[in-house]
């Protein structure tokens with residue numbers, strides 16, 4: 001499952017949803033792809049429906065605009081700067097924290113965080129974030145293709 005998170009009316013905050021929409025047309029129909037505004041309860045309900053979830057969201061960690069962070073929650077702890085930086089109310093980090101507390105975090109849970117620079121209402125997506133969206137789409141597509149066995153082929 002892929003879940004793109006963001007607000008389409010707040011500039012670079014749309015990154016996750018735009019990436020999810022691009023992936024929807026590039027991946028197997030066996031991969032569920034959602035773009036959601038980022039409300040924690042809705043994200044929690046959706047993420048518990050699959051053993052593998054890729055999240056895509058914009059972040060404000062202080063890095064350079066367009067930087068991409070890949071966080072595998074099986075092996076990494078969310079950096080402190082990722083908490084409470086969402087423009088989605090409680091947002092993705094609260095949903096992940098709650099899923100962990102409830103023992104409902106998917107077996108594989110990966111976050112692609114794209115550093116934004118402009119979150120103004122009505123702004124467009126900046127060029128650095130647009131380039132990052134394209135990179136994330138390509139990277140996730142590669143991960144999914146390598147993760148899901150092709151019909152008629154076995155993976156070692």
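The values are calculated or read from the model by the stated rules, or taken from the named source; none is laboratory data. Here the structure is a predicted model, which means the values were calculated and not measured. So basically every Cβ, Gly included, is an ideal-geometry build from the backbone, and we count neighbours across all protein chains shown.
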Self-check item: Subset tally (residues that are touching a strand residue (DSSP E or B) at 6+ places or on another chain (Cβ under 9 Å) and part of a loop (DSSP other than H, G, I, E, B)) for segment 26-49
Solution: 5
Quiz item: If you go through segment 109-148 one residue at a time, how many are assigned to a helix (DSSP H, G or I) and either touching a strand residue (DSSP E or B) at 6+ places or on another chain (Cβ under 8 Å) or within 22 Å of residue 95 (Cβ to Cβ) (or both)?
Solution: 10
Quiz item: Among the residues of segment 17-34, which ones are at pLDDT below 95 and either touching a helix residue (DSSP H, G or I) at 6+ places or on another chain (Cβ under 7 Å) or on the phi > 0 side of the Ramachandran plot (or both)?
Solution: 26, 27, 31
Quiz item: In this structure, does residue 124 turn out to be at pLDDT below 95, under 18 Å from residue 35 (Cβ atoms) and surrounded by fewer than 18 Cβ atoms within 10 Å (Cβ to Cβ)?
Solution: no
Quiz item: Does residue 142 satisfy being within 18 Å of the chain's Cα centre (by Cα) and modelled with pLDDT under 90?
Solution: no
Exercise. Take the residues in segment 1-25 that are part of a helix (DSSP H, G or I) and more than 12 Å from the chain's Cα centre (by Cα), then tell me which one is surrounded by the fewest Cβ atoms within 10 Å (Cβ to Cβ).
Key: 24
Quiz item: residue 57 passes all but one of (1) modelled with pLDDT of 90 or more; (2) part of a loop (DSSP other than H, G, I, E, B); (3) touching a strand residue (DSSP E or B) at 6+ places or on another chain (Cβ under 7 Å); (4) buried (at least 19 other Cβ atoms within 10 Å of the Cβ); which number fails?
Solution: (2)
Quiz prompt | Hits in segment 81-108 - residues which are assigned to a loop (DSSP other than H, G, I, E, B) and at pLDDT below 90 | solution = 83, 84, 85, 86, 87, 88, 89, 90
Quiz item: Only one of (1) part of a loop (DSSP other than H, G, I, E, B); (2) at pLDDT below 95 fails for residue 64. Which number is that?
Solution: (2)
